[in-house]
Amino acid sequence: MKLLERLLDRTRGAFAEGKRLHRTKPVFDAAENFFFAPISRAKSAPFVHDPLDIKRLMSMVIIAILPALACAVYFFGLHVLAMVVVSYAAGGIVEVLFAVVRKEEINEGFLVTGMLFPLILPPALPLWMVAVGVMFGVLVGKELFGGTGRNLFNPALVGRVFLALAYPAAMAGNWISPVAEPPGRILQYVSSGAVDAIAGATPLAAAKQGQLAGLQEMFLGNVAGSAGETSALAILLGGILLIMTRVASWRIVVGVLGSFLLMETVLHYTLPGPIPPPMWQLLAGGILFGAFFMATDPVTSPATTGGKWAYAIIIGLATALIRHLTGYVEGVMFAILLGNICAPLLDEVAVAVRLRRLAHES
Amino acid sequence: MKLRGGYTVQMAGKPVGSVEVLPDPDELYLPLFSRRFRFTELCVGDGDRVRPGKVLARDPSNHGVPLLAPREGTVRLNAIPRHLVLQNVSAGVPEPLEDSDEPSHIPRNLGSVEMKRNKLLLLGAWQYFFDAHSGALPNPFGTPQAVIVSTLNLEPFLGRGDVQLRARLKSFTRGLEQIQTLLEYQPIFLILPKVAAALAEQVSQAIRGYAHIKPVHVPLRYPFDNFTVLARYLGLKRQKDQPVWALRTEGVLALDRALTASKPCDLRVISIGGPAATSPAHVVAMPGYPLKTLLSKRIADGPVRVLNGGVLSGQEIAPDQAGLDCECLGITALGEQTEREFLAFVRPGAGRWSYSRCFLSALRRPMPERMTTAIRGEHRPCVSCGFCEEICPAGIMPHLLHKLLYQDDLEAAIKVRLDLCVACGLCSFVCPSKIDLCGQFQKAMETFRMEQMEHMAQEAPA
Ligand code: SF4
Ligand code: SF4
């Protein structure tokens, strides 16, 4: 520890104003502040601060994603891990470049994006597509809006939409059928070249053909699908942690899942043709992963309490409607993006309502 | 409005309940400036020997509130800048209250109520009154719509009301009676803690017979003792000529002393607490008490920030302030951050108490933490986590205000009710992006008030 501190002290000079490496100072700062919290003292009241900072906040999200990642590796093999590494590397380059150009600090937000992104992709997607997708997502979804905190859309979803439009075939295939018996596929590396032999169909796609996956299979994760969405159990584990720690808003999760179940129930009993029951719908596809990890992204969801409810309900209803009334098998992605678009508007309405109430206060 | 938000910071260094009476010092350094007052109108000359209770100076912009000599001593005007020094201090015989000592703006024929109010002003008890909405000193001869008496002091760590009440319950209830005699029919709201405490029970018993006194029980959560928050809670609107008066326990005790015993209010109970205080306690001291003597042995060695007031809304004591000012409620000592924590954000954090539940400490009961001045993180853009809105006792939206002020849109910020902010500091405390929301709001309000005044000055001649 002392050694590291001394090393950092010694190298700091090389990044000083006027030195050749000065332009890459954000990289050095990020590395330094990663290891050692900086000294910064309060200048005016309040003189004490809560220990929570953005680094911790982001760490909690990453910890919460770990069970889902572990399940993905178990059921789909080591390729998923490679996707995470590539996503971090490619997204990191964009983030660092922008930090250097803008002379700002490197933001921790991309650590979450880089982790979430591969988990919403088909688990056998070629690595170069992962790289292209995450770069597009970070660049267009975030940096062009001015960086973390100012983006309108969830960058991971922007990247996924891009891939879905640019490489529809790859994004519609590349599903791997899982192996449940220990040790799963944990020792295998299934990339897109080898996928044909063991390709699987996602439960939602199979359902359109009239085959329903078992509830228990879906709960544990023994079904094909995007890497992270496979196991409802793992998602619930992480998601509940996020809600307990107040990192994710429980209102959003409850709102999305509640309205989704309600709409599914209505559709189940009104629409002609076989529509699987609501509980089945809840476990199939990405609705759980989306509700816990994607919709709750604080930056792209409304900031006001009222806005959060409305936003969540829009996402829940839209997901169900897209699933059954359009040609798409899964609707979470577009539903959340729709929610993102509405977020500023919903905030505005919520603020107006709040102001009406505050107007009488002196 | 209902009470909402609020949060009690868990911090080490809570003063114990006992009260220590300090011996008189040889010299007193009376600051001529404090948070509300500026005693610029001097009433004594250099070298004068003054008796206790003598008016040393007045604040002409605050209804002429006096700065009283707490003890007998020899005046030195220029010994220390911005201070009035009393040398060779001794107990002395109190200055008799002269009838002629009458500020010019009081009407000639004083009724008994006006006499009493005048007495309050002259004996230094009026300084304990606040306008609940603005925090300023109210006009002693005005008519309030109501009076709020708060027995609570919830900010860590200010002199607690219960500590002062314990020994002087009788004086307190007599003081409440006295307040009633200052009014016609206006209600007095007595703010009590919403917990089963023997003392609160005693107070409730004691005031049972008084029709005008309405007990109000509030949860013990900061800043529910804030007068503005309480006024809103009680539905008392801001009205131009009918302010809401507010005072704390010490104010009632001072008022009783002035009206019942006709004695000047020379002593204050203040707390000395905080993580860097070696033995947090309450002490009785007079204004002008030398800070050096007061704080020596009571504050830990090493770099320490000494605050006038609590950690959330206090102010740093200026290096040139030599003595206790006449408004001080407590002194808080906070260690400076000196160490850089290694990988702080991945540690479980069993010892870090947080509003969010992101640390292992969430699994245990609240525990006081040895905090420092560290802001504990790096500045980042707002991530709209919503904590600030949740915690804000004023019911406004700090993140939105921040966005508007960042765009320099003061007008829009006022529209979303920046003016309701009570400067409790909780939003800055809780923000994970370490944005100094509260400080930004204070500055913006300052600018707004200046603009308003300019505006009025422009309108006046037309
Ligand atoms: S607490 Fe800070 S980061 Fe969170 S919403 Fe408020 S200003 Fe933004
Ligand atoms: S906005 Fe004002 S009242 Fe609200 S939490 Fe911040 S400082 Fe306190």
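Remarks
- Among the cysteines of chain B, those with no neighbouring cysteine Cβ under 4.7 Å are B:43, B:265, B:326, B:328, B:358, B:382, B:385, B:392, B:421, B:424, B:431, B:438.
- Choice from A:273, A:91, A:173 showing the highest fluctuation, given a GNM over chain A with Cα pairs closer than 10 Å: A:273
- Pair residue B:1, residue A:165: separation of 7 Å Cα→Cβ label points (nm): 4.4 nm
- Peptides B:274-287, B:39-52, B:421-434, B:309-322 ranked from most to least packed, by the mean per-residue count of other Cβ atoms within 10 Å: B:421-434, B:274-287, B:309-322, B:39-52.
- Taking 0.36 nm per residue of sequence separation and removing the Cα-Cα distance, the residue B:318/residue B:239 pair yields an extension gain of 24.9 nm.
- Extension gain, residue A:3 back to residue A:82 (0.36 nm per residue minus Cα-Cα distance, nm): 25.2 nm
- Centre separation in Å (Cα based) which lies between region A:295-318 and region B:292-354: 40 Å
- Per-pair calculated FRET efficiency, R0 = 25 Å: residue A:211 and residue A:326 via Cβ, rounded to 0.05: 0.75
- Note on residue B:336 and residue B:26: the extension gain reaches 108.4 nm, defined as 0.36 nm multiplied by sequence separation minus the Cα-Cα distance.
- Gyration tensor over the Cα atoms of the protein assembly as shown: the corresponding equivalent ellipsoid has semi-axes (square roots of 5 times the eigenvalues, largest first) of 62, 29, 23 Å.
- Shielding value for A:29-42 is 6, the average number of Cβ atoms from other chains within 10 Å of each residue's Cβ.
- FRET efficiency estimate (nearest 0.05) - Cβ-Cβ, residue B:453 to residue B:40, R0 22 angstrom: 0.65
- Amide H contacts under 5 Å for residue B:83: B:32, restricted to partners 5 or more places along the chain or on a different chain, H placed in the peptide plane at 1.01 Å from N.
- Percentage, to the nearest whole number, of Cα pairs in region A:45-187 over 23 Å apart: 39 percent
- Percent of alpha-carbon pairs separated by more than 36 Å within chain B: 31 percent
- Test item: B:383-395 mean partner chain Cβ contacts at 10 Å: 5
- Binning all Cα-Cα separations of region A:226-321 at 5 Å, short to long from zero, yields these whole-percent fractions: 2, 15, 24, 23, 19, 10, 4, 2, 0.
- Electrostatic dipole magnitude of chain B [Cβ: Lys, Arg +1; Asp, Glu -1; Cα centre; debye, to 20]: 1620 debye
- Distance from the alpha carbon centroid of region A:174-250 to that of region B:1-44 works out to 62 angstrom.
- Area projected by the alpha carbon convex hull of region B:375-458, averaged over all directions, nm²: 5.4 nm²
- With contacts taken as Cα pairs under 8 Å at a separation of at least 6 residues, chain B carries a relative contact order of 19 percent.
- Furthest towards positive pole of dipole, B:67, B:175, B:33, structure part chain B, Cβ charges: B:175
- Inter-label distance, nm, simple model (7 Å from Cα along the C-beta direction), residue B:347/residue B:79: 4.7 nm
- In this simple spin-label model, placing a label point 7 Å from the Cα along the Cα-to-Cβ direction at both residue B:363 and residue B:460 gives a separation of 6.5 nm.
- Whichever lysines have a C-alpha closer than 26 Å to that of residue B:292, once near sequence neighbours (fewer than 8 apart) are set aside: A:43, B:14, B:54
- Förster-model FRET efficiency, 41 Å R0, residue A:44 and residue B:198, C-beta, rounded to 0.05: 0.60
- Region A:81-179: trypsin sites (Lys or Arg not before Pro) falling in loop per DSSP and having at most 12 other Cβ within 10 Å: A:103
- Where GluC sites (Glu not before Pro) fall in DSSP loop in region B:139-225, at most 11 other Cβ within 10 Å: B:184
Quick note: the coordinates plus some simple rules give every number you see, no bench work behind them. For clarity, every value in this text was computed on a predicted model and none was experimentally measured. Reconstructed Cβ throughout: ideal geometry from the backbone, glycine too, with neighbour counts over all protein chains shown.
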